[in-house]
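Visitor: Quick one: structure below, then a few questions.
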Amino acid sequence: MTDRRKFIKVGTIGSLALITGTSCQETEEIKEEITGNVNAVKPIAISTWNHGVHANEAAWKILAKKGSALDAVEAGVRVTESDPENMSVGLGGLPDREGKVTLDACIMNHNNECGSVAFLQEIENPISVARKVMEETEHVMLVGEGAKQFALSQGFTTKNLLTEAAKKEWQKWLETSQYETIINSENHDTIGMLALDKEGNLAGACTTSGMAYKIHGRVGDSPIIGAGLFVDNEVGAACATGVGEAVIRVAGSAMIVELMRQGKTPQEACEEMVNRIISKHKNIDGLQVGFIALNKRGEYGAHSVYAGFNMAIKSNQNDDLIDASYENEWD
Ligand code: ASP
């Protein structure tokens, strides 16, 4: 059945402890059968930003015991969602202009099954609601009040997610009401996690409170399958963080998976999509976007428009937080 075999070019990036600078890493192109590959680095979990370190620890507890990538990514990002100190995901997330914390999340497994919630309020762990949408309904996406009603019907309870600290920040913002999209490693943005389990199955999860002080009702890329997250178990997985509108415009994560299918390493695929975003936008001032990607061999990559993006990695060989390569320094 050689005609059904799928091939990938395998790069060296996955084994590098530090990814820096703007140029493509030198890659060694080896044709390797993806399916049934026994040499893959697995299990492995990779996540966006510093908060990925703690999220990876939770995921690793599952992956190390031969648990599924799906369980691992859900458990991992729940840690970030429930962390009140984190002001860009779940509890404690910065609100929209009206002072409402509205959450977006999605999850995808190795069978192309996916679930998503958007504009969800007062539920601490939207990723778990997204998983329920995937597993308990015929749908992929529920939004707003409908998503909340569904969550309540599944046993989730409501909670005020606007912490005193987030409320203070919002009140400070109201004094000028100047909307700015500031995304960097200091304000720790969306958590996206991709995992490859012992069985060789991939899954991904992505969850956020979205852009601080957004227009009430705004939904970003994070709950949109193909934009904020995409998984294809034949090839690899990708997820995004940063200005969601820019990611949606280029179908960022799905494209990265397709580029890997065509033979790009995860690093090369992330670089190509960052450059596509740059070329499709007349003004990229402050337009930070970062991608991470993982392939079936457990190789990974990360790249961003601006400096400052980082990725946490956890496997038997690695327990790192690395700086992603990027195209531009901040002025
Ligand atoms: N991608 C998220 C959004 O646009 C924001 C983020 O990553 O911080 O909602």
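Visitor: Could you pull out the residue among 325, 253, 279, 315 that is of a type in the set (S, T, N, Q), at pLDDT 95 or above and within 13 Å of the ligand (Cβ to nearest atom)?
Guide: Of 325, 253, 279, 315, the one residue that is of a type in the set (S, T, N, Q), at pLDDT 95 or above and within 13 Å of the ligand (Cβ to nearest atom) is 253.
Visitor: When you go through (1) within 16 Å of the ligand (Cβ to nearest atom); (2) assigned to a helix (DSSP H, G or I); (3) β-branched (Val, Ile, Thr) one by one for residue 241, which number turns out not to apply?
Guide: (2)
Visitor: Return the residues of the stretch 60-102 that are assigned to a loop (DSSP other than H, G, I, E, B) and among the aliphatic types (A, V, I, L, M); say none if nothing qualifies.
Guide: Correct list: 64, 87, 89, 91, 94, 101.
Visitor: Here's a check for you: in the stretch 266-305, which residue that is assigned to a strand (DSSP E or B) and aliphatic (A, V, I, L, M) is nearest to the chain's Cα centre (by Cα)?
Guide: As a first pass, look at the stretch 266-305 and keep what is assigned to a strand (DSSP E or B): 289-295, 300-305.
Still in the running and aliphatic (A, V, I, L, M): 289, 292-294, 302, 305.
Details: 289: 11, 292: 7, 293: 9, 294: 11, 302: 11, 305: 16 Å.
This residue is 292.
Visitor: Could you go through the stretch 151-158 and let me know if any residue there is in contact (Cβ under 8 Å) with a residue 60 or more places away in the chain and out of contact with any Lys or Arg (no Cβ under 8 Å at 6 or more places or on another chain).
Guide: Within the stretch 151-158, none of the residues are in contact (Cβ under 8 Å) with a residue 60 or more places away in the chain and out of contact with any Lys or Arg (no Cβ under 8 Å at 6 or more places or on another chain).
Visitor: Could you go through the stretch 164-173 and let me know if any residue there is more than 16 Å from the ligand (Cβ to nearest atom) and outside any helix (DSSP H, G or I).
Guide: No, that holds for no residue.
Visitor: Tally time: how many residues in the stretch 206-238 are surrounded by 24 or more Cβ atoms within 10 Å (Cβ to Cβ), free of Cβ contacts under 8 Å to residues at least 60 places away in the same chain and near the ligand (Cβ under 7 Å from one of its atoms)?
Guide: Within the stretch 206-238, residues that are surrounded by 24 or more Cβ atoms within 10 Å (Cβ to Cβ), free of Cβ contacts under 8 Å to residues at least 60 places away in the same chain and near the ligand (Cβ under 7 Å from one of its atoms) number 1.
Visitor: Run down 263, 308 and say which single residue is over 18 Å from residue 221 (Cα atoms), more than 18 Å from the chain's Cα centre (by Cα), of a type outside the set (Phe, Trp, Tyr) and not in a helix (DSSP H, G or I).
Guide: Numbers: 308 fails: more than 18 Å from the chain's Cα centre (by Cα).
Step by step, each of 263, 308 is checked, and only 263 is over 18 Å from residue 221 (Cα atoms), more than 18 Å from the chain's Cα centre (by Cα), of a type outside the set (Phe, Trp, Tyr) and not in a helix (DSSP H, G or I).
Visitor: Take residue 201 and decide whether it is touching a His at 6+ places or on another chain (Cβ under 8 Å) and away from the ligand (no atom under 16 Å from the Cβ).
Guide: On the way: touching a His at 6+ places or on another chain (Cβ under 8 Å): yes; away from the ligand (no atom under 16 Å from the Cβ): yes.
Spelling it out, residue 201 is indeed touching a His at 6+ places or on another chain (Cβ under 8 Å) and away from the ligand (no atom under 16 Å from the Cβ).
Visitor: Does any residue in the stretch 318-331 that is closer than 10 Å to residue 306 by Cα come within less than 8 Å, Cβ to Cβ, of a residue that is of a type in the set (Val, Ile, Thr) and part of a strand (DSSP E or B) six or more places away or on a different chain, and which pairs are these?
Guide: From the stretch 318-331, the pairs are 324/292; 326/305; 327/305; 328/305.
Visitor: Next question. Given (1) crowded, with 24+ Cβ neighbours inside 10 Å; (2) within 25 Å of residue 270 (Cβ to Cβ); (3) within 16 Å of the ligand (Cβ to nearest atom), where does residue 103 come up short, assuming only one miss?
Guide: Checking residue 103 against (1) crowded, with 24+ Cβ neighbours inside 10 Å; (2) within 25 Å of residue 270 (Cβ to Cβ); (3) within 16 Å of the ligand (Cβ to nearest atom), the one that fails is (2).
Visitor: While we're on this one: With respect to the numbered conditions (1) more than 17 Å from the chain's Cα centre (by Cα); (2) touching a residue at least 60 places away in the same chain (Cβ under 8 Å), which one is the sole condition not fulfilled by residue 103?
Guide: Failing condition for residue 103: (1).
The values are calculated or read from the model by the stated rules, or taken from the named source; none is laboratory data. All values reported here derive from a predicted model rather than from experimental measurement. Please note: Cβ atoms are built from the backbone with ideal geometry, for glycine as well, and neighbour counts cover all protein chains shown.
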